[in-house]
Amino acid sequence: MRGRLVDLTIGLNRKQRVTVEIDRDFREDYDRLKDQELDVEIKKHREKRSKSANAYFHVLVNRIAAEEGGSDEAVKKRLVCEYGVLAKDEDGLTVGFKLPASVNVDTIYPYVKCFDTREENGKLFKCYLVYKQTHLMDSKEMARLIDGAIEVARDLGIETDTPEQLARYKEEWRAAP
């Protein structure tokens with residue numbers, strides 16, 4: 001839900017009251033929740049990544065995979081783990097986990113990076129950091145991922161202009177004297 005902070009007051013009991021203006025009809029939710037204990041999170045709004053940005057990212061992944069001779073999934077995993085965003089929990093803490101070294105992490109979650117191997121009670125464990133899936137990224141996070149993919153593609157000599165950019169260039173070429 002999108003909104004805007006309007007007011008902050010501090011009562012005699014030293015509790016703070018925040019007034020929020022929202023963009024949709026909240027009356028039914030208010031009636032349902034008004035006497036309940038709530039979990040409240042207020043954070044800066046970021047636009048969700050667009051479907052066209054996601055499509056362009058996948059075009060780049062496909063071209064990189066074709067040039068390198070690998071799979072799209074392997075390239076996507078590499079790019080997400082190199083240029084993507086670490087996953088955070090609701091408290092803003094980085095998400096990670098450890099597994100016995102004998103477990104293939106790819107069978108559990110694809111977007112992880114091993115940062116340590118530890119021995120505990122004579123057994124080896126690998127520790128992983130977790131990266132956000134692309135469909136959970138906001139527009140800023142997706143832009144960073146696409147910039148990284150463009151950099152990799154250009155290093156391989158791959159054309160990185162979008163179809164819209166190419167069409168615009170063609171129109172400019174036709175119009176040139």
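The values are calculated or read from the model by the stated rules, or taken from the named source; none is laboratory data. If you're wondering where the values come from, they're calculated on a predicted model, not measured in any experiment. Cβ atoms come from the backbone with ideal geometry, glycine included; neighbour counts cover every protein chain shown.
Points worth noting:
One line per residue, one yes/no per condition, for (1) out of contact with any Asp or Glu (no Cβ under 6 Å at 6 or more places or on another chain); (2) of a type outside the set (Val, Ile, Thr); (3) more than 30 Å from Pro100 (Cβ to Cβ):
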site: Arg118; (1), (2), (3): yes, yes, no
site: Leu124; (1), (2), (3): yes, yes, no
site: Val130; (1), (2), (3): yes, no, no
site: Glu151; (1), (2), (3): yes, yes, yes
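- Leading residue by the ranking (surrounded by the most Cβ atoms within 10 Å (Cβ to Cβ)) among those in the stretch 131-159 that are among the basic types (Lys, Arg) and without any contact (Cβ under 8 Å) to a residue 60 or more places away in the chain: Lys132
- Residue within the stretch 47-61 that is over 15 Å from Leu145 (Cβ atoms), loosely packed, with under 10 Cβ neighbours inside 10 Å and free of Cβ contacts under 8 Å to residues at least 60 places away in the same chain present: no
- The residue list Glu21, Glu67, Glu37 contains one member that is more than 20 Å from the chain's Cα centre (by Cα), at negative phi and in a helix (DSSP H, G or I), which is Glu67.
- Checked against the criteria, Arg118 counts as touching a strand residue (DSSP E or B) at 6+ places or on another chain (Cβ under 6 Å) and either surrounded by fewer than 17 Cβ atoms within 10 Å (Cβ to Cβ) or in a helix (DSSP H, G or I) (or both).
- Flag for Lys44 being charged (D, E, K, R), part of a strand (DSSP E or B), within 30 Å of Ile150 (Cα to Cα) and under 21 Å from the mean Cα position of the chain (by Cα): no
- The set of residues from the stretch 1-18 being assigned to a strand (DSSP E or B), of a type in the set (A, V, I, L, M) and either free of Cβ contacts under 8 Å to residues at least 24 places away in the same chain or exposed (fewer than 10 other Cβ atoms within 10 Å of the Cβ) (or both) comprises Val6, Leu8, Ile10.
- Residue satisfying all of: in the stretch 115-135; under 26 Å from Ala66 (Cα atoms) and not hydroxyl-bearing (Ser, Thr, Tyr); modelled with the lowest pLDDT among these: His135
- Members of the stretch 18-77 that are of a type in the set (S, T, N, Q) and within 21 Å of Pro110 (Cα to Cα): Asn54, Asn62, Ser71
- Candidates are the residues of the stretch 75-101 that are loosely packed, with under 15 Cβ neighbours inside 10 Å and without any contact (Cβ under 8 Å) to a residue 12 or more places away in the chain; the one that is farthest from Asp147 (Cα to Cα) is Asp91.
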